[in-house]
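Heads up, the thing below is written out as structure tokens.
The values are calculated or read from the model by the stated rules, or taken from the named source; none is laboratory data. Remember, predicted model here, so these are calculated numbers, not experimental data. Reconstructed Cβ throughout: ideal geometry from the backbone, glycine too, with neighbour counts over all protein chains shown. Calculation scope for accessible area: heavy atoms of the full protein, side chains included, ligands and nucleic acids excluded. Shrake-Rupley method; radii C 1.70, N 1.55, O 1.52, S 1.80 Å.
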Amino acid sequence: MKRIYMDNGATSFPKAPNVAEAVYKYITENGCNVNRSSYENAANAEDILLDTRYMLCNIFDFDKPSNVVFTSGITESLNCVIKGLLKKDDHCIISGFEHNSVMRPINSIGAKWTIAECDEYGNFNNIENLFEYNTKLVVMTHSSNVFGNVLKLKKIGEICKSKNIPFVIDTAQTAGHINVSFKELNCDVLCFAGHKGLLAPQGIGGMIMTDEMAKLIPSLIEGGTGSVSHTIETPEFMPDKFEAGTMNIPAIYGLNAALKYIIETKIENIQSHEENMRKTFVEGIEKIDGFKVVQLKNSLHTPVVSITCDFMDIAELSYILESQFGIETRCGLHCSPYAHKTMGTYPEGTLRFSFGFNTNLDDINAVLSALYKIKSIKNMGV
Amino acid sequence: MEYIATFFTHFGANQFGRSLKNMGVKYRMMPVPRKLSSSCGTCVRFYCNNIEFCNNSEDIEGLYIINGNDYDVIFINK
């Protein structure tokens, strides 16, 4: 039975070509730490890091590689930024599609939040009225990890800029799938994951920020940076301020290879292919009774489709798809209870299919065929 | 002539190394001589005839010419 991977929203598979080789070569041929010792092999590893920062600037339309920070992943990035900018009883504004990587830090701090609601087309209304005297942050996902709708953030960024309130964007589901411009979105901090649309290994992510934010946000983790070692104070300069401890260098080598592939392939081509897959899937599923695609009437989506089923528990459906057809999906709340509340699918959740650049028409047709068979068998009362 | 450039940040040293590479200038990274700084850092050691381009670098903390066992200061940025 052929394996059909439909869970790229959780993590991409397969990774970009050359990623595994790059990680292997680092571990077997280089293996040096960075920013510590100064021999040639260490310098070569440092050059890969610098190269990766430059490519991230390219991908995210950003100008300052020293303000590109590596973290263990986007969850750490969001924790660092949210916990650095909010304190108890502060107020923030979020979208109705936030992941728990945003909700849980806000909640644990004891900060208050207001959800910026949008209409069925994804348009935000009356954002300006949501700001309160103690609003310290606006943080929003760029795209829902459950429903795939890309949020219209440019205008929100403009409003934040006019009010001098930091605007933080979670690009976990858009980076590598669609063009993401730091400048166009008017954001102050952009957090990214390496292992999803950027096609790199797990364990690497980061954040990109303005000089102002670099000064304002305290470091979450402190320790050795290989710089200003004569003092016990964490350096204020970038990127050392946020990169204490040894980084996941194998994963950065993998990210480096993945970014080269994405830049060569061009994000426009990735988006076009993935959108074709998504459209074909949505059109196909709408022809099968018993399933409903849950989505905003929004012209721009990432390759994520959530469905409900009116004749079977979605966990059973997910199990049958995997055990009998080799189709790997994710069902439930996808760590985003508020997104489900927004779309009316809480607490049952949805079954999510998330595609990648490697997904092809044969995969889509195989999934549609499997869903049709499951429905037909159910109709026969089997 | 052989020079040593020290930097405010490790990132700056890497950036400078990259620009030397692009210019075709032979260089090596090395630990900052203890005579120059007690902070554990990386400096760039390079051969060059014309060091005018160094004047424009905001990353360089200090530029020195290697003179036997000594390092003669060319400039220090504060």
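Assuming R0 = 25 Å, what is the FRET efficiency of A:D211 and A:Y54, from their Cβ-Cβ distance, to the nearest 0.05?
0.90
Quick one: which of A:K287/A:K341; A:K154/A:K292; A:K64/A:K215 span more than 20 angstrom between C-alpha atoms? Working shown, then result.
Values: A:K287/A:K341 26 Å; A:K154/A:K292 30 Å; A:K64/A:K215 15 Å.
As for pairs spanning more than 20 Å Cα to Cα, those are A:K287/A:K341; A:K154/A:K292.
In square angstrom and rounded to 100, what buried accessible area do you get between chains B and A, total over both, with the probe at 1.4 Å?
Using a 1.4 Å probe on protein heavy atoms, the buried area is about 1600 Å².
Can you give me the angle between helix A:100-109 and the longest principal axis of chain A, using Cα atoms only, in degrees from 0 to 90, rounded to the nearest 10?
Taking Cα atoms only, the helix is inclined about 60 degrees.
Could you rank A:H273, A:H334, A:H230 by how accessible they are, 1.4 Å probe, largest area first?
A:H230, A:H273, A:H334
I'd like the accessible area for A:S77: 1.4 Å probe, protein heavy atoms, all chains in place, Å² to the nearest 10.
Looks like 0 Å² after rounding.
In peptide A:48-55, what is the residue-averaged number of other protein chain Cβ atoms found within 10 Å of each Cβ?
For this peptide, the per-residue mean of nearby foreign Cβ atoms is 2.
Please average, across the residues of A:239-245, the number of beta carbons from any other chain that are within 10 Å of each residue's own beta carbon, and give a whole number.
Average neighbour count from other chains, rounded to a whole number: 1.
In degrees from 0 to 90, rounded to the nearest 10, what is the angle of the helix A:267-285 Cα long axis to the longest principal axis of chain A?
Roughly 30 degrees, rounded to the nearest 10.
If one computes the Cα centroid of the range A:247-286 and of the range A:39-73, what distance in Å separates the two points?
After rounding, the separation between the Cα centres reads 20 Å.
Might you tell me the accessible area per residue for the protein assembly as shown, computed with a 1.4 Å probe and given in Å²?
44
Compute the distance in nm between two label points, each set 7 Å from the Cα along the Cα-to-Cβ direction, one at A:K378 and one at A:S272.
Reported label-point gap for A:K378 and A:S272 is 3.7 nm.
Under the 0.36 nm per residue contour assumption, what length would be gained going from the current alpha-carbon distance of A:N360 and A:E222 to full extension?
Answer, rounded to one decimal: 45.2 nm.
What part of the accessible area of chain A, given as a whole %, is carbon or sulfur when the probe is 1.4 angstrom?
The C+S portion of the solvent-accessible surface of chain A is 50 percent.
Accessible area of the range B:2-76 with a 1.4 Å probe: how many percent of it is carbon plus sulfur?
45
Calculate log10 I(q)/I(0) of the range B:2-76 for q = 0.13, 0.18, 0.21 Å⁻¹, where I(q) comes from the Debye formula with a single equal point scatterer on each Cα and nothing for solvent.
Here log10 of I(q) over I(0) equals -0.31, -0.62, -0.87.
Do any of A:K152/A:K241; A:K88/A:K161; A:K83/A:K196; A:K112/A:K152 go past 29 Å between their Cα atoms, and which?
A:K152/A:K241
Mind checking the dipole of the protein assembly as shown: about its Cα centre, +1 per Lys or Arg Cβ, -1 per Asp or Glu Cβ, Debye to the nearest 20?
Dipole about the Cα centre, nearest 20: 340 debye.
To the nearest 10 square angstrom, what accessible area does A:I109 show with a 1.4 Å probe?
Only protein atoms counted, so the area is about 30 Å².
What is the magnitude of the charge dipole of the range A:1-151 about its Cα centre, with +1 placed on the Cβ of each Lys and Arg, -1 on the Cβ of each Asp and Glu, and no other charges, expressed in debye to the nearest 20? Write out the running numbers ahead of the final one.
Values: 13 positive and 18 negative charges, 101 e Å.
Dipole magnitude for the range A:1-151 comes out near 480 debye.
Which whole-number percentage describes the relative contact order of the range A:31-107, with Cα contacts under 8 Å and a sequence gap of 6 or more?
19
For the range A:15-56, just the Cα set please: Rg and Dmax, both in angstrom.
When restricted to the Cα atoms of the range A:15-56, Rg and Dmax are 11.0, 32 Å.
Using only alpha carbon pairs under 8 Å that are at least six residues apart, calculate the relative contact order of the range B:2-76 and give it in whole percent.
Contact order relative to length: 41 percent.
I want to check the label-to-label distance for B:N50 and B:K35. Put each point 7 Å from Cα in the C-beta direction and report it in nm to one decimal.
Computed distance between label sites B:N50 and B:K35 equals 2.9 nm.
Would you mind calculating the gained length between A:Y39 and A:F131 on full extension (0.36 nm times residue separation, minus the Cα-Cα distance), in nm to one decimal?
Working: separation 92, 0.36 × 92 = 33.12 nm, distance 5.23 nm.
Between A:Y39 and A:F131, full extension yields 27.9 nm more.
Given a 1.4 Å probe and the protein chains all in place, what does the accessible area of A:L368 round to, in Å² to the nearest 10?
Here the accessible area works out near 20 Å².
Taking 1 over the mean of 1/r across every pair of different Cα atoms in chain A, what Kirkwood radius in Å do you get?
With all distinct Cα pairs of chain A included, I get 21.7 Å.
Given an 8 Å cut-off on Cα distances and at least 6 residues of separation, report the relative contact order of chain A as a percent.
Result for chain A is 24 percent.
For the pair A:Y121/A:S229, report the inter-label distance in nm, with labels modelled 7 Å from Cα in the Cβ direction.
6.0
What angle do you read, to the nearest 10 degrees and between 0 and 90, between the alpha-carbon axis of helix A:74-85 and the longest principal axis of chain A?
Result, in degrees: 60.
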